[in-house]
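The values are calculated or read from the model by the stated rules, or taken from the named source; none is laboratory data. It should be emphasised that the depicted structure is a prediction, and the values quoted were computed from it without experimental measurement. Note that each Cβ is placed from the backbone with ideal geometry, even for glycine, and that neighbours are counted across all protein chains shown. The protein model used for the area step is the full one, side chains on, heavy atoms only, and it has no ligands, DNA or RNA in it. Shrake-Rupley method; radii C 1.70, N 1.55, O 1.52, S 1.80 Å.
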Amino acid sequence: DDVTEEADEDGARSGSNAGTPIPPGFSASTRDSSRVGQTPGKRKTIPEKSNMFKTKNFVPETRSIQRYSGTLKFFDEKKNFGFIVMDSDPDHDVFVHYDDISKSDISKSILKMKNKVLRLSFVLMEYHGKSKQSKKAIDIALEEIRDKTEGDIGLMA
């Protein structure tokens, strides 16, 4: 069974092991048997298992502060991803995942609506994809749902 111990300022314990002083560098809550017999303050060094942060090409993910707007061009319900055509750069689509869409309470039933155009606002997050720097939409908000008219880029079947 677990022993409950508390130490006061002087290192004395109260509880079932009261009166036993706590050695310097240890606390009453320390139950790590790997430290038994080690000099207080010295810890074993565990080698890093990943060199991800040491590669010269690694770029951490970054978020834009600016909100963008665009139209949902395509959404694959089975694979849970789609693409948004940005108003400011219609030649480049932005990846969007359902995990990010669902955080905004936008259901798949809304995404499945045919003959509708979904206008979204979002923040861009840059990250290192499989082979290159990529962007995806996060912090998504549904701005408008309207009927599709000729010439609209909208949700495709």
Looking at (1) open to solvent by 20 Å² or more (accessible area, probe 1.4 Å); (2) within 14 Å of the chain's Cα centre (by Cα), find the lone condition where I110 falls short. (2)
Does K132 satisfy the criteria of being at negative phi, in contact (Cβ under 8 Å) with a residue 40 or more places away in the chain and not hydrophobic (A, V, I, L, M, F, W, C)? no
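Would you confirm, using the coordinates I've provided, whether A157 is modelled with pLDDT of 85 or more and among the hydrophobic types (A, V, I, L, M, F, W, C)? Even if it seems obvious, please write down each step before you answer.
Values: modelled with pLDDT of 85 or more: no; among the hydrophobic types (A, V, I, L, M, F, W, C): yes.
Here the answer is no, as A157 does not meet what is asked.
Quick grid of which residues meet (1) in contact with a strand residue (DSSP E or B) (Cβ under 8 Å, 6 or more places away or on another chain); (2) under 16 Å from M125 (Cα atoms):
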{"position": "S69", "(1), (2)": "yes, yes"}
{"position": "K73", "(1), (2)": "yes, no"}
{"position": "G82", "(1), (2)": "yes, yes"}
{"position": "D87", "(1), (2)": "yes, no"}
{"position": "D91", "(1), (2)": "no, no"}
{"position": "F95", "(1), (2)": "yes, yes"}
{"position": "Y98", "(1), (2)": "yes, yes"}
{"position": "S102", "(1), (2)": "no, no"}
{"position": "K108", "(1), (2)": "no, no"}
